[in-house]
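Q: Please see the structure below; I have some questions.
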Amino acid sequence: MKKGERTGRSNTWTIRTALLLVSMLFIIYGLNSFTRSAEALVTEPAQPAVMTQSESQPKRMAIIIDDAGNDMKGTAEILDIPVKLTLAVMPFLPTTKKDAAAAHEKGMDVIVHMPMEPKSGRPEWLGPGAITSSLTDEEVRERVEKAIDDVPYAIGMNNHMGSKVTSDKRIMSIVLDVCRERGLFFVDSRTNFRSVVGELAISKNMPPVGNDIFLDDRNSKPHIRQQMELAAKRAVEKNICVVIGHVGQTGLNTSSVVRESVTRLQGEIEFVGIGDLVREVWHWHAAPTLPTNNK
């Protein structure tokens, strides 16, 4: 046999041997894998889908309605909505006590809608007893205490306007101190993205509650519906959402859209008072150290 023929046959034998070994390995391991897969299909029961922590938590929305206390348009309609809302009532106005009492009787939460100085705007928009940057520490404390006393059943406070004052650490520290002493939390309406309320609240062991979405920054039903859709999406994704609407100029449109929206969303989202979120999400409970005369 010639040398070339021997080399060719040797190479052919090597290739055939290698193919045979690969085939045997495939039969052994492939069959074993197939058998295990088949057994799993027969013997292993279907496993239920595991819900993530976010999916298992309730989806909650707290709707705060500002500017009550002056017999404004939409107040009666808001009070007639059959879910738990939060009414933010301005102090020292003709229907302050009436609106607060009506909301309380309906099972809604009541908070003080505290007038605070904005960066711009008409002074008459503020209302009586406003907190301004020119006040002394003692004057700020006195005005906040009087406002709390004037709004029956108040469990918290938020700012009316206030884009200037909510960025002032001196003033807001006093405001939060008075709220904590009287057993109230503070909701930052977030009229200024430079607000110091959240960081101050944390430093004082208070809940850093803030508004997520304004419903009626434009007075049209399509816009308010769009904002409610954004709020619902946020509630589903983040488990909670805090929104603010108003009575008054936008009151009839806001109350109409809120009513139709809560009717449509009730199976998907739980509508709660802001006090419910404060207790259940931030685990904060009132511990007043001074008497509260607003009940």
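Q: Express the relative contact order of region 190-250 as a whole percentage, based on alpha carbon pairs under 8 Å and six or more residues apart in sequence.
A: Dividing the mean separation by the residue count of region 190-250 yields 32 percent.
Q: Can you pull the one-decimal nm distance between simple spin-label points at D71 and S203, each 7 Å off the Cα toward Cβ?
A: Once both label points are built, they end up 4.4 nm from each other.
Q: Would you mind checking the pairs K73/K164; K84/K233; K59/K146; K146/K221 and listing those with alpha carbons more than 29 angstrom apart?
A: K59/K146; K146/K221
Q: Still on this structure: List, in order, the whole-Hz ³J(HN,Hα) value for each residue of region 137-145 obtained from phi through the Karplus relation with A = 6.51, B = -1.76, C = 1.60 and θ = phi - 60°; use x for Gly and Pro.
A: 4, 5, 5, 4, 4, 4, 5, 5, 5
Q: Right, another one. Looking at region 176-238, which chymotrypsin sites (Phe, Trp or Tyr not before Pro) are in a loop (DSSP not H, G, I, E or B) and have at most 11 other Cβ atoms within 10 Å?
A: In loop regions of region 176-238 (DSSP not H, G, I, E or B), the sparsely surrounded chymotrypsin sites (Phe, Trp or Tyr not before Pro) are F193.
Q: For a Förster distance of 22 Å, can you work out the FRET efficiency between the beta-carbons of K221 and E268, rounded to the nearest 0.05?
A: Efficiency, rounded to the nearest 0.05: 0.55.
Q: Turning to a different aspect of this structure: Quick one: if you stick a label point 7 Å off each Cα along the C-beta vector at K169 and A286, how many nm between them?
A: 3.0 nm
No value in this document is a laboratory result; all are computed from the given coordinates. Everything quoted here is computed from the prediction, not taken from an experiment. Don't worry about glycine lacking a Cβ; one is built from the backbone with ideal geometry, like all the others, and counts go over all protein chains shown.
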